[in-house]
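The values are calculated or read from the model by the stated rules, or taken from the named source; none is laboratory data. Every value quoted in this text rests on a predicted model; they were computed, and no experiment measured them. Neighbour counts run over all protein chains shown; Cβ positions are idealised from the backbone, glycine included.
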Amino acid sequence: MAISTDMTGQEPSDETSDETSHETSNRPDDTPAQAGDTQSQSSAGPVAASARIETLDFIRGLAVMGILGANIVVFGHVASAYTWPGAFGVDPADPGGWMWITQFILIDGKMRGLFTLLFGAGIYLFMERTWQRGGTASLQVWRLFILMLFGLIHFYLIWFGDILFLYSLAGFAVVPCLRWSVKTQLFTGIAGYLLGGLVFGAFFTLPHSVMQTPMAEGDPAFAEMREDLVAAKVAQMADEEVYTQLVQAGDYAAVLAYRFETEMYDPIGNAFLFALESWPLMLIGVALYRVGFFSGALDHSKMRIWGWAGLIVGGALHLAIGLAVKQSGFAYYTTLAGFVGWSPVPRLMMTIGLAALLVVYSPGWTGALAVRVRAAGRVAFTNYLGTSIAMLFVFQEFGLGLFGELNRPQLYLVMALSWAVMLLWSKPWLDRYRYGPLEWLWRCLTYRELFALKR
């Protein structure tokens, strides 16, 4: 089963891009995009630039770049390489596994977490605007259904690491909770996330214990389980070898046929796997938005303390996990346990800590690079799916044919070049157009209306 990666955490960002606006009450402003517009209160047009919560743009822009940092390994190699260095098709060129540990601490899971928080905030923001116009949740449900279709197209025809399908399902579950009190949303989200962390911890720690601990190794009661785990790993590697051969043969139709044959139900499986993370994080995002977290309405000195505490303590715990994985020699099931099973709580600490620090500090970052990061965030949906398409031409045989050929430093070079493309195109596009291409398409499909694209 393919595991959705950090895109794989990407927030498609219509709700928190073209509609990231606020009034003093932290409610969105329906001000038209240009002075002199005469759109009615029911208009779905873009908000004024001065009314935007630009912090959200910056966080999203940073996250969509970081998403690629997490996903670049699995773009260029089989899915197991995302967590386990032994699945690389070449020598990873990562002596001691320190690059793996660094990415695990700084990137993996945090970018998906940021986008999931923003997605939850965006669902509430969108519904605020809808309620102000007298609308109902049916519009949000329709919008999420469209997102689900985008996700299915992405998964089956472009890349198996999709997360849009998962976001749509989790979003459906968030909509009935939007009228809850802030406290209920926050505590339910935290409790649900911690429960999910316990489930992940138990599920992934058991195989590690059976395979790695001396007690289990000497206990005949675990012999059959050990054999099953070894067989499961061998089967996974065999399936991925078939996939590699298909990709390197250059027949993309055969790759798609293989995906439909062997991974047909993976979107549902992945949704179950991450439901214990995404739905709670979205609820937390809703609650944080409602108390003014993202708009900077909370006390900044306290946010700095929380932010640095979460980042430092969570980072230290990640380092401890990474060192434990390294001590095992990056054993297959220990790496899975560390990456997925032991990291949820420190990952939440780092995710919220990073969000808090970005809210506090990013408004002061006004240079040319910061402006371009914000622009990349405003067209994050297009950047996310566009990156998946671009990576096809980098790694598939009908393009550069680099699948299974690059080590970790070389993959990071591809990542850096892709970042440059995101930063170079996003701002000039938005200087001429109101939305990114896919943001515009999603908006038109949502409202069943053709909006003007050019400014």
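Couple of notes before you dig in:
Condition check ((1) closer than 21 Å to TRP440 by Cβ; (2) in contact (Cβ under 8 Å) with a residue 40 or more places away in the chain) across all residues:
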residue: LEU144; (1), (2): yes, no
residue: THR184; (1), (2): no, no
residue: LEU194; (1), (2): no, yes
residue: GLY201; (1), (2): no, yes
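- Scoring VAL394 on the criteria (1) surrounded by fewer than 22 Cβ atoms within 10 Å (Cβ to Cβ); (2) over 18 Å from GLY89 (Cβ atoms) leaves a single failure, condition (2).
- Of the residues making up segment 169-181, just one is farther than 12 Å from PHE126 by Cβ and crowded, with 24+ Cβ neighbours inside 10 Å, namely ALA170.
- Residues of segment 312-341 that are crowded, with 17+ Cβ neighbours inside 10 Å, touching a Pro at 6+ places or on another chain (Cβ under 9 Å) and among the hydrophobic types (A, V, I, L, M, F, W, C): LEU317, ILE321, PHE330, LEU336, ALA337.
- Flag if SER40 is assigned to a helix (DSSP H, G or I), modelled with pLDDT under 50 and surrounded by fewer than 24 Cβ atoms within 10 Å (Cβ to Cβ): no
- Residues located in segment 182-193, provided they are surrounded by 14 or more Cβ atoms within 10 Å (Cβ to Cβ) and more than 19 Å from the chain's Cα centre (by Cα): GLN185, LEU186, PHE187, THR188
- For segment 373-403, the set of residues classified as of a type outside the set (Phe, Trp, Tyr) and free of Cβ contacts under 8 Å to residues at least 60 places away in the same chain consists of THR382, GLY386, ALA390, GLY399, LEU400, listed by residue number.
- Sole residue being surrounded by 23 or more Cβ atoms within 10 Å (Cβ to Cβ) and in contact (Cβ under 8 Å) with a residue 12 or more places away in the chain, chosen from MET99, MET148, MET127, MET111: MET111
- Listing of helices (runs of 4 or more DSSP H) fully contained in segment 337-455 that carry 1 or more residues being over 19 Å from the mean Cα position of the chain (by Cα) and over 30 Å from ALA320 (Cα atoms): 368-378, 380-395, 408-432, 437-447
- Counting only helices (runs of 4 or more DSSP H) that fall entirely inside segment 196-271 and contain at least 2 residues that are more than 24 Å from the chain's Cα centre (by Cα) and surrounded by 14 or more Cβ atoms within 10 Å (Cβ to Cβ), the qualifying elements are 223-249, 252-262.
- Looking only at residues of segment 342-367 that are modelled with pLDDT of 95 or more and among the small types (Gly, Ala, Ser), we find that the one that is surrounded by the fewest Cβ atoms within 10 Å (Cβ to Cβ) is GLY353.
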